[in-house]
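The values are calculated or read from the model by the stated rules, or taken from the named source; none is laboratory data. Computed from a predicted model, the values in this text were never measured in an experiment. Note that each Cβ is placed from the backbone with ideal geometry, even for glycine, and that neighbours are counted across all protein chains shown. For accessibility, only protein heavy atoms count, side chains too; no ligands or nucleic acids. Shrake-Rupley method; radii C 1.70, N 1.55, O 1.52, S 1.80 Å.
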Amino acid sequence: GGDGGDDDEDDEEGSVASSAASASTVASGGGSKKSGATGSKKGSALRSETQRGSVAGSQAGAGAAPIVVEPVQRELSQLYTNKESSWGFEKLFDIGKLYKFSTGYMKCPGNPPNPEKLQDGFVVVNVEIFSAAGIHMEEPELDKDLTQNGRQRVNWTVHNIKRLCDKIGPKKRLSSAEFDSDGNWYFDLYPNGFNTPEGEGMMSLYLHSTRRQVELGEVYKVQFKLGLKKINPLPEDAELDTYDPVYFPPSSSCVSVFTPKQKCFGKQRYVNLNTIAKGRGNPEGTKEFTIGTFESGGGGAV
């Protein structure tokens, strides 16, 4: 377990086709970022940076030591839909620093540059966009009834998991819509893991405070579990008196205090993709966690 990525993670390009096959995400006890329906586009790695190094170097006068500065860079990973069509940064940069000659952000007119004409200068902003189209996710749904332990369960269905894993690289995430459950939350799912070894096949899943909850300064101590919904229960499992429609992987329990600074918590090593694709080794080949046909663009239950 442990902290997950925050709002500044990026995503790779890729075209992801939606399918009838799907996956369901279940959280028990806890509780998501704005998402949408089929045909939406994930704005992956919308990155804005102001170039300082080259500008500052050209502004150093003859014989003067160059101003050594680094670019200001922010990264954003969000799902763009017809409902949520605009994302960005409300506080990208301190404008006071922009109009300070010594910072090197502003390109000053003149040769050598004249600090007195800084107001007539310009700044260079680069934006890199990588997107994956055709992502299909359902909005999180709360179970009508509480569990025997008095917990509220939240189900999140993500379609076409296999294609997502093929097209979305490591440290790239999908964010669910927001939901209310003893707080205001959303899920972050990393199909290829967050800071996990390449090729390991581990997925990462985190519970995340919403922006509204963070801005209000609210603090929550939350105990929750991250599990896999059993789409096709094994016969021997379904017959048990203690049958649970959700499978909780080892060490799936989480306890965390969510604050404006500690905004997310979950499992870096949530579950292996093979578990979703093949189940837990049932000899009859029942795909316990799969909706549809996994290898034909289907999904898995997360």
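In segment 69-86, what residues are open to solvent by less than 40 Å² (accessible area, probe 1.4 Å) and closer than 17 Å to Ala133 by Cα?
Leu76, Ser77, Gln78, Leu79, Thr81
Output the residues belonging to segment 83-105 that are touching a Lys or Arg at 6+ places or on another chain (Cβ under 8 Å) and of a type in the set (A, V, I, L, M, F, W, C).
Once the filter is applied, which keeps residues that are touching a Lys or Arg at 6+ places or on another chain (Cβ under 8 Å) and of a type in the set (A, V, I, L, M, F, W, C), segment 83-105 yields Phe89, Leu92.
Out of (1) at pLDDT below 90; (2) of a type in the set (S, T, N, Q); (3) more than 27 Å from Lys278 (Cβ to Cβ), the odd one out for Thr157 is which?
Tallying (1) at pLDDT below 90; (2) of a type in the set (S, T, N, Q); (3) more than 27 Å from Lys278 (Cβ to Cβ), Thr157 fails exactly one: (3).
Here's the yes/no breakdown for (1) in contact with a Lys or Arg (Cβ under 7 Å, 6 or more places away or on another chain); (2) part of a strand (DSSP E or B):
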| site | (1), (2) |
| --- | --- |
| Pro109 | yes, no |
| Glu128 | yes, yes |
| Gly134 | no, yes |
| Asp166 | no, no |
| Gly169 | no, no |
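One line per residue, one yes/no per condition, for (1) in contact with a Phe, Trp or Tyr (Cβ under 8 Å, 6 or more places away or on another chain); (2) farther than 16 Å from Cys264 by Cβ; (3) open to solvent by 30 Å² or more (accessible area, probe 1.4 Å); (4) in a strand (DSSP E or B):
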position	(1), (2), (3), (4)
Gly193	no, no, no, no
Pro197	no, yes, yes, no
His208	yes, no, no, yes
Arg212	no, no, yes, no
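Collect the residues in segment 100-135 that are open to solvent by less than 100 Å² (accessible area, probe 1.4 Å), at pLDDT 80 or above and either aromatic (Phe, Trp, Tyr) or within 30 Å of Asp180 (Cα to Cα) (or both), keeping them in residue-number order.
Phe101, Tyr105
Consider Asp180 carefully, then state whether it is under 25 Å from His136 (Cα atoms), among the charged types (D, E, K, R) and open to solvent by 30 Å² or more (accessible area, probe 1.4 Å).
In short, yes.
Please determine, by comparing only the residues of segment 144-190 that are among the charged types (D, E, K, R) and within 13 Å of the chain's Cα centre (by Cα), which one is nearest to Ile231 (Cα to Cα).
Asp188
Name every residue in segment 234-269 that is over 21 Å from the mean Cα position of the chain (by Cα) and open to solvent by 50 Å² or more (accessible area, probe 1.4 Å), in order of residue number.
Pro235, Glu236, Ala238, Glu239, Leu240, Asp241, Thr242, Tyr243, Pro245, Pro250, Ser251
Please work out if Glu236 is touching a Pro at 6+ places or on another chain (Cβ under 9 Å) and farther than 15 Å from Arg269 by Cα.
Spelling it out, it is not the case that Glu236 is touching a Pro at 6+ places or on another chain (Cβ under 9 Å) and farther than 15 Å from Arg269 by Cα.
Of the residues that make up segment 195-213, is at least one basic (Lys, Arg), out of contact with any Gly (no Cβ under 8 Å at 6 or more places or on another chain) and more than 28 Å from Thr81 (Cα to Cα)?
Checked against the condition, which is being basic (Lys, Arg), out of contact with any Gly (no Cβ under 8 Å at 6 or more places or on another chain) and more than 28 Å from Thr81 (Cα to Cα), segment 195-213 yields no hits at all.
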